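The values are calculated or read from the model by the stated rules, or taken from the named source; none is laboratory data. On a predicted model such as this, the values are computed, not experimentally measured, just so you know. No Cβ is skipped: glycine too gets one built from the backbone with ideal geometry, and neighbour counts run over all protein chains shown.
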């Protein structure tokens with residue numbers, strides 16, 4: 001079985017770990033008689049250069065989570081982390097200090113930046129990092145959505161309210177905590193982007209495509225902005241099943257509601273599903289969610305969505321997989 005997943009950061013990474021556990025429980029591990037492989041297409045719109053180093057937050061969160069090195073309380077960054085280096089940079093007055101990079105985490109960014117500087121592509125670098133974290137042995141392949149450097153920027157009001165200015169997404173998300181209303185999002189470099197090697201093939205040849213609970217605007221939405229990705233999803237014979245990132249109309253963590261508000265979309269599971277209406281076949285929503293209007297072809301399943309523990313997360317991932325398998329072979333989606 002070939003599974004392809006589009007994923008952002010914390011929510012996507014935790015779901016993927018649950019998917020690994022669900023596959024193992026079903027005897028579908030990489031060494032089983034009927035192995036399942038998972039290709040993860042990761043968002044790189046959050047990427048940023050800090051202190052001269054290229055940082056890929058969503059890719060790294062997937063690596064650390066699947067590799068057993070993530071800070072479980074935060075959901076991102078490394079466990080057993082120290083901050084000696086950033087403390088030294090602060091003593092020198094080096095900015096920014098609002099984005100905390102731990103010493104262990106910095107090792108990843110130094111390695112990535114070194115290899116990129118030597119001419120390796122982001123795909124090649126990500127494969128090297130994934131090998132260090134044991135992803136291939138567990139049947140997982142992590143691919144960046146594109147090897148082209150892209151960065152999401154947010155247009156917000158000027159401090160005096162008379163005009164607008166753009167800030168990097170990370171500054172809006174981390175330093176401003178999305179408290180300043182976003183006027184729009186601009187993915188710088190997307191006009192030059194092409195899908196990374198293997199991305200379109202992973203979608204076109206998949207048996208199942210999953211959309212973990214990730215931000216629909218700045219994670220999944222940015223991946224969909226890479227030329228060819230959305231068309232591949234519309235054309236794949238595989239069922240495409242997603243998990244709503246909202247519970248009761250609110251994100252469990254993060255600021256997905258602020259992102260939806262910026263693009264004029266209601267903060268509801270039904271409205272998020274509408275963003276994927278041209279390719280979505282199945283949609284998991286929380287039991288507490290109110291009824292909404294869905295496209296006729298979308299099979300909606302209600303169940304608890306909170307990933308409150310590893311067993312609960314594995315159950316959720318297994319439910320998404322089961323829904324996808326139940327939808328296989330029911331006919332091509334309308335793509336007119």
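Select the strands (runs of 3 or more DSSP E) contained entirely in the stretch 85-182, then report the ones holding at least 1 residues which are modelled with pLDDT of 95 or more, in contact with a helix residue (DSSP H, G or I) (Cβ under 6 Å, 6 or more places away or on another chain) and under 16 Å from residue 40 (Cβ atoms).
Correct list: 140-144.
What's the total number of residues in the stretch 30-44 that are over 17 Å from residue 142 (Cα atoms) and either touching a helix residue (DSSP H, G or I) at 6+ places or on another chain (Cβ under 6 Å) or in contact (Cβ under 8 Å) with a residue 60 or more places away in the chain (or both)?
Selection size over the stretch 30-44: 1.
Take residue 242 and decide whether it is free of Cβ contacts under 8 Å to residues at least 12 places away in the same chain and either farther than 28 Å from residue 197 by Cα or not in a helix (DSSP H, G or I) (or both).
No; evaluated as a whole, the condition is false for this residue.
Yes or no: residue 278 out of contact with any strand residue (DSSP E or B) (no Cβ under 8 Å at 6 or more places or on another chain), more than 22 Å from residue 14 (Cα to Cα), part of a loop (DSSP other than H, G, I, E, B) and at pLDDT below 95?
no
I need a count of the residues in the stretch 245-264 that are without any contact (Cβ under 8 Å) to a residue 40 or more places away in the chain and over 19 Å from the mean Cα position of the chain (by Cα).
Residues meeting the conditions: 1.
Condition test on residue 184, is it surrounded by fewer than 16 Cβ atoms within 10 Å (Cβ to Cβ), within 21 Å of the chain's Cα centre (by Cα) and in contact (Cβ under 8 Å) with a residue 40 or more places away in the chain? If you could, list the steps in order and put the result at the bottom.
Details: surrounded by fewer than 16 Cβ atoms within 10 Å (Cβ to Cβ): yes; within 21 Å of the chain's Cα centre (by Cα): yes; in contact (Cβ under 8 Å) with a residue 40 or more places away in the chain: yes.
So residue 184 fits the description; yes.
Table: residues versus (1) crowded, with 21+ Cβ neighbours inside 10 Å; (2) touching a helix residue (DSSP H, G or I) at 6+ places or on another chain (Cβ under 8 Å); (3) assigned to a helix (DSSP H, G or I).
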{"position": "254", "(1), (2), (3)": "no, yes, no"}
{"position": "285", "(1), (2), (3)": "yes, yes, no"}
{"position": "292", "(1), (2), (3)": "no, yes, no"}
{"position": "297", "(1), (2), (3)": "no, no, no"}
{"position": "305", "(1), (2), (3)": "yes, yes, no"}
{"position": "324", "(1), (2), (3)": "yes, no, yes"}
